[in-house]
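Shown next, in structure tokens, is the structure this report addresses.
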Amino acid sequence: MAQVTEPETDNLGETLAVEAGGHTPWREYFSFSTDHKVIGIQYLVCTFIFYLIGGALATAVRTELATPDSDFVSRELYNGLFTIHATVMIFLWIVPAGTGAFGNYLIPLMIGARDMAFPRLNAIAFWLIPPGGILLLSSFFVGAAGAGWTSYPPLSTTGEKAGEFIWILSVLILGTSSILGGINFLTTILKMRMPGMGLNDMPLFCWAMLAASALILISTPVLAGALILLAFDLIAGTAFFNPMGGGDPVVYQHMFWFYSHPAVYIMILPIFGMISDILPVHARKPIFGYQAIAYSSMAISFLGLIVWAHHMFTSGTPGWLRMFFMVATMIIAVPTGIKVFSWLATVWGGKIRLNSAMLFGLGFVSMFVIGGLSGIMIASVPFDIHVHDTYFIVAHLHYVLFGGSVFGLYAGIYHWFPKMTGRMMNEFLGKLHFVLTFIGFNLCFLPMHYLGLQGMPRRVAEYDPKFATVNLICTVGSYILAVSTFPLIINAVWSWIGGAKASGNPWDALTMEWQTASPPPVENFIGEPVRLTGPYDYGMGDRNSGIPMPESQANTPMLSGGPTVS
Amino acid sequence: MKVPSAIWTMIAGITITLVSLWVGQNHSLMPVAASEEAPRIDALFNTMMTISTGLFLIVQGIIVISIFKFRKRANDNTDGPPIHGNVPLEILWTAIPAVIIMGIGVYSFEIYNSMGGLDPMASHESHVAHKHQAGAAIAASLPSDEPGMAPSKAPGKLVALGVGASPRTQGQDPFVSVNVLGLQFAWIFTYPNSGVTSGELHLPAGKEVELTISASDVIHSLWIPEFRLKQDAIPGRESELRFVPQVVGEYSVVCAELCGSYHGGMKTRVIVQTEEDFQAWLQSQIVAQSEGLETVALNPADLSETDYLQPLAAEMGIDGESLKQLHAEHHLGDRSI
């Protein structure tokens, strides 16, 4: 770890001030605010609303699938429902919530900066989200796009043209927002760290955001290119991807997946970072293998760019290329495995506070591992040939993106809610939320592995009656999952209005965002922030005397108590 | 007496290994294996299930034990031990996954190669040659000498993407060739050497089969779960799927790639028969179709695809709109020549 800047008494007093919290007037959240904290909460609330809409669409999809026949909605509407469900969940919930909401709120606080590098750009990035989302949902009025969120031509250019064009336009808007955010995060992390904070002194969430932002900047423009060409095919009659005019639909697949596989890591990397910050706090132990976790994020970021064709093993990919992408995909299991084992070692032997944040944190590790293991399976070409485009894939991606990303986002909400609002959340409702989510999630998605292996393709409104019982179980699970969001909504609203007041550092955490008031004042810190400890130096120093142990002496921890700095 | 932790670790290791091995062999998650390739893929899946079960039990076991054993006790506000890392341990758990995935990778490579995935002839790309479905059927409607046998490939013809001949049969012609056309929302199977066109796929058991797959409108994907095989049908390209059906019976042919509103209804049957039954079926179809097409066979050049397929449409469950799209495919073929 880097050297510690010796605290000056005056600065220390200012740094540790917790009483000057900045409660934001509610009107501020509907304004073009350039405060990263306001923007972060704007992102979080806005994307959560879209998450509820996406969830409602998913519930409609599962209701259709409760019986083998196509009897709940028309087939066209069904295709629109799952297409918009996936698009909303990816582009309007997980990506902007993971990067936009938590990235915006936490990065400047964690690195001791007063704001993001480009505050106005930041506000523009957020204010692209609501119109992009509303535009997308408005497509239901003209016949929503029904070619899946992958939008493969020629199907996407021969179906609902108005709906498809709206889909393209909204994804372009949301992608632009993502790119603007990525530029901001990279610049902020690289240029605006407080004095004395090297890259290896940053909280691991910052490392994860660094890796995710790099991916955003490299891959998102390729998606934009693909969609612009697709739009030309759709409305101008060109033939970039249309075989009737000499185009090639497989080229679209390459361009699409060049973004959309890295998008998986854009979604999950910030969550990895959040979990790496949440587990040590509530296990009261330093993160195990800081550098291994930090560098594995960068490795995942790099490897994530060279695996896209594993989505195309059954399409136009030559045999030798399939082998390359198989090996590259499997290699990602190594840095991911490093993270998982490091998290387990962090928890092992700790003093675990099993609160809502920790439950979702451990739930994340547990569920993500299932998605990771099925991910290794489908990296294997011969096996993937059998399960590609089946419910096995639906199960896998939901274990990664719901069991992974959404569980992680929930953990983040419970962990940082006191910092964001100055209020504690209700633990009973939090635990109820976890139990319902855990049961509903597994009931909904675990049986889908079986469905896919047995022969049920994805994206079908009607299916073989022999799959009826298992599908009904999945549908019941989806209803429980839908109900599970109510305790969270009630908890968040109720706690924000009248929850117990939170101190600046209710979890006794050591990262910089907890060393200021809850919620933090405008420009985050009163005076110059000073680092007193490393971000994960739990178990070092003298909690009773309130004196943290400087890192230079940290190799021989003297007491089992950690520092108290608030 | 306190049992040393090494003993507990060993007991846990043995238990996890035995449970994983049992689960890997007894999960019953796969449907019946009806092709020569299927048991190989099942064996690969079983291996991965064994490893996955072991890793799953280790991770979940550590989490559950931690929750109970390392839970904060009441009135204990101290921190856990400040352990930042352990380099040998980190090297170990980097090396173990690396070795595991290397093993799975090599195993997958072997299986894929034995299936014919690395057939050099199948790694060339070809755009759809002009294949006039109706014309091809009519032109070949005269019974050939050996209706079951596949025609030899034209010299220099590029074979399409997909899964080709296994190393054992590379360079040899398959026993049966079938042209498969995917269109919204049906599969059409044409036996080019005998001129038979069918809405169901009939195949002889124990003989190598080659499917040449194309699409007339949007991307489809031919999937036969019991064969563990799938290949996309892409407009403007041909793809190949070569395999050996093994178990006599009827199985589903499913479209796995979203292809429009009736995607879920785009399915038919593959009927694996003994060689004698297959030949008998083929002969009966030749007779039936040549009788049914007696008048039109006189001048096939003047016949549109729509007109040709109209008598078959009801049987195959194809609507008029789909037939029109065949016309588009016809022109596509013209351009690619």
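Structure summary
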{"item": "Unit charges at the beta carbon, dipole of the range A:42-183: most positive-side option, A:Tyr43, A:Phe126, A:Pro108", "result": "A:Pro108"}
{"item": "Computed FRET value (nearest 0.05) for A:Glu28 with B:Gln170, which takes r as the C-beta separation and R₀ as 51 Å", "result": "0.15"}
{"item": "Cα-Cα P(r), the range A:85-211, percent of pairs per 10 Å interval", "result": "13, 38, 24, 16, 8, 1"}
{"item": "Relative counts (whole %) of C-alpha pair distances in chain A, using bins that are 10 Å wide", "result": "4, 18, 29, 27, 14, 6, 2, 0"}
{"item": "Theoretical FRET efficiency, 1/(1+(r/R0)^6), r = Cβ-Cβ of B:Val64 and A:Leu190, R0 51 Å, to 0.05", "result": "0.80"}
{"item": "Among A:Ala292, A:Trp257, A:Trp320 - extreme Cα towards positive end, dipole of the range A:216-370, charges at beta-carbon", "result": "A:Ala292"}
{"item": "C-alpha long axis of helix A:468-498 to longest principal axis of chain A, angle in °", "result": "30 degrees"}
{"item": "Distance (nanometres) between label positions extended 7 Å along Cα→Cβ at B:Val19 and B:Ala98", "result": "3.0 nm"}
{"item": "Extent along principal axes [Cα atoms of the range A:280-391; Å; largest to smallest]", "result": "52, 30, 17"}
{"item": "Share of Cα-Cα pairs in the range A:68-150 lying beyond 14 Å, as whole percent", "result": "70 percent"}
{"item": "Distant-in-sequence amide H partners of B:Val178 (H built 1.01 Å from N, under 5 Å)", "result": "B:Glu210, B:Leu211, B:Thr212"}
{"item": "Buried solvent-accessible surface, both chains (B, A), 1.4 Å probe, Å² to nearest 100", "result": "7500 Å²"}
{"item": "Alpha-carbon gyration tensor eigenvalues x 5, square-rooted, for the range A:134-180, Å", "result": "19, 13, 7"}
{"item": "Listed residue pairs exceeding 32 Å between alpha carbons, taken from A:Lys501/B:Lys72; A:Lys191/B:Lys72; A:Lys285/A:Lys419; A:Lys419/B:Lys72; A:Lys191/B:Lys69; A:Lys339/A:Lys466", "result": "A:Lys191/B:Lys72; A:Lys191/B:Lys69; A:Lys339/A:Lys466"}
{"item": "Solvent accessible area, Å² - A:Ile480, 1.4 Å probe, full protein context", "result": "40 Å²"}
{"item": "A:Thr238 long-range amide H proximity, modeled H, under 5 Å", "result": "A:Asp233"}
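The values are calculated or read from the model by the stated rules, or taken from the named source; none is laboratory data. All values reported here derive from a predicted model rather than from experimental measurement. All Cβ positions, even for glycine, are placed from backbone atoms using ideal geometry, and neighbour counts span all protein chains on display. Accessible surface is based on the protein model in full, side chains and every heavy atom, while ligands, DNA and RNA are left aside. Shrake-Rupley method; radii C 1.70, N 1.55, O 1.52, S 1.80 Å.
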